[in-house]
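Everything below concerns the one structure shown next.
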Amino acid sequence: MTVDLSPVQEYYKDKTIFITGASGFMGKVLLEKLLYSCHSLKEVIIICRPKRGKAPETRLEEMFKLPIFQRIKDERPEMLKRVTIYQGDVTFDQLGLSGESLKHVTENTNIVFHMAATLKLEGNLRDAIDMNLLGTRRALNVAKEMKQLEAFIHLSTAFCNCDQEVMYEKVYEFPHKPEDLMRLAEWMDVKTLDAITPDLLKPHPNTYTYSKRLAELLVRDHYESMPVIIARPSIVSPAAFEPLPGWVDNLNGPTGLMIGCGKGVIRSVLVNQQNKAEVIPVDYAINGLIVIPYEFNKQAKRPTNVPVYNITNADHRKMTMGTVVEMSKRINKQIPFNAGLWYPDPCVTTNQLYHNFNVALFHWLPAYFLDFLMLILGQKRFMLRVQEKISTGLGVLQFFTLNAWCFRSDSYASLWNKLNEEDKAIFNMNMNTENTEEEYMIECAKGARKFILKEKEEDLPRARVHMKIQWVVDVVCKTVIVGLFFYYLLKWTGVLAIF
């Protein structure tokens, strides 16, 4: 039976796609979308390393059991057989491929999506360079041997040029050369490298954005001889529509903050409420990635400079952080999480001193108290370890929650504008949808409950009752604490003796 294909689907017909980082959040969504919507493709090759004693094949089987692949199982189960998995790793030469596996990749691949990276903002520089910079060089070296390569899409980040107030869709120069840093990481010991890291990073806040910036320069330098393209998503948030509304599989970025605040674990955050929230739903980002090779190869003349796409939300859809905070509080009352530690009402401030005071009083003090109780009861202590992770996470995030940037995303917007109606229905990037931001955030809250916390919908009534009890406890405790504070203040100043 002949199936009518849209222009983008027609482009992917009989194509072989190679993906690094397919086991990550965006990688899973990309794999699912390619299999579901580009069903005329020939093959998707992914590499995966063994993890926790599980072979790559076992990890793939477990991945296919995730709810996001259910619609493929229901409607196009044969597509799962078009996935080929090889044991590989971007930290190994030739990506860990050799012999027949390397030959198969280099002789058949048409499109590469290089998505593998370490996302640890607090990670050390050697690991960041090995994964994000050397890993990119290794992927490029394999791609050079691909006889039918049409596009190499390098996934970067919109924040890699964070010293620029306005970020255009171009590669920015930087004094450090990628080759110099790769050599430096190879011969210098970790202790010495860690010691000079703060000076090397300036003006970057962490090793992630720094290594990603250098990787962009490396990719750009291959543009003359290879069809390389750079895609820069902003903070990737849960799915808006596909493959499931609200789908997410990690605690990075906004999801971690939502759960941490919603559970009452995070009691204070440094956020400038006037700044715009720079997030993009994962399905919007992935649809853009899929359309990019099609758009690149349909051009009559190749662009002079390496194509760069800032995959960010449209300006008219961006909410202020203050609006996000208030909306989140309102939604959290409708859709609370089960068994929170405290009533979810975090302090949002830009005052570092006030924030530190709140952290000491509402983060560290309860953590020490709970671990002390655990010690007395003979139970395993864990709250201090949790608090250390939260403190580290909030520390690296505050650069992004206190600063503002302006992203120019004309090339990304043009991807949507150039699609015909058929492709627009398949690869949705519509920034003028009638769906509201609040509807999206409700789906995010539901997704966090269902996919991360594994909480059931039938538990919601009990969770709402639990939150009301927490509110009463919170009010009583605050009243007692404030009352005692003023009592002892008045007693200390002698005012109380007058009465």
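The values are calculated or read from the model by the stated rules, or taken from the named source; none is laboratory data. As the structure is a prediction and not an experimental result, all values here were calculated from the model. So basically every Cβ, Gly included, is an ideal-geometry build from the backbone, and we count neighbours across all protein chains shown. These area figures cover heavy atoms from the full protein model, side chains too; ligands, DNA and RNA do not enter into them. Shrake-Rupley method; radii C 1.70, N 1.55, O 1.52, S 1.80 Å.
Screening the range 268-364 for helices (runs of 4 or more DSSP H) wholly inside it with 1 or more residues that are among the β-branched types (Val, Ile, Thr) and over 24 Å from the mean Cα position of the chain (by Cα) returns the ranges 352-359.
Yes/no matrix, rows are residues, columns are (1) within 24 Å of residue 207 (Cβ to Cβ); (2) modelled with pLDDT of 95 or more:
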| residue | (1), (2) |
| --- | --- |
| 99 | no, no |
| 106 | no, yes |
| 112 | no, yes |
| 116 | yes, no |
| 119 | yes, no |
| 122 | yes, no |
| 136 | yes, yes |
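Within the range 451-468, being surrounded by fewer than 18 Cβ atoms within 10 Å (Cβ to Cβ) and under 23 Å from residue 32 (Cβ atoms) holds for 453, 454. If you go through the range 26-63 and keep only what is open to solvent by 10 Å² or more (accessible area, probe 1.4 Å) and of a type in the set (Val, Ile, Thr), you end up with 47, 58.
For first residues located in the range 313-338 and of a type in the set (Ser, Thr, Tyr), partners that are part of a loop (DSSP other than H, G, I, E, B) and open to solvent by 30 Å² or more (accessible area, probe 1.4 Å) and lie 6+ apart or on another chain with Cβ distances below 9 Å form the pairs 320/273; 320/274; 323/273. Cβ-Cβ distances below 7 Å connect the following pairs, each with a first residue in the range 431-446 that is over 20 Å from residue 416 (Cα atoms) and open to solvent by 70 Å² or more (accessible area, probe 1.4 Å), a second residue that is hydrophobic (A, V, I, L, M, F, W, C) and part of a loop (DSSP other than H, G, I, E, B), and a separation of six or more residues or different chains: 446/335. Residues of the range 346-377 that are in contact with a helix residue (DSSP H, G or I) (Cβ under 7 Å, 6 or more places away or on another chain) and either among the acidic types (Asp, Glu) or more than 28 Å from residue 463 (Cβ to Cβ) (or both): 350, 371. Here the helices (runs of 4 or more DSSP H) wholly within the range 124-206 that include at least 3 residues being among the hydrophobic types (A, V, I, L, M, F, W, C) are 135-144, 178-187, 190-201. Close contacts from the range 3-17, counting a first residue that is aromatic (Phe, Trp, Tyr) and a second that is surrounded by 15 or more Cβ atoms within 10 Å (Cβ to Cβ), with Cβ to Cβ under 7 Å and a gap of 6+ residues or different chains, come to 11/294; 12/38; 12/41.
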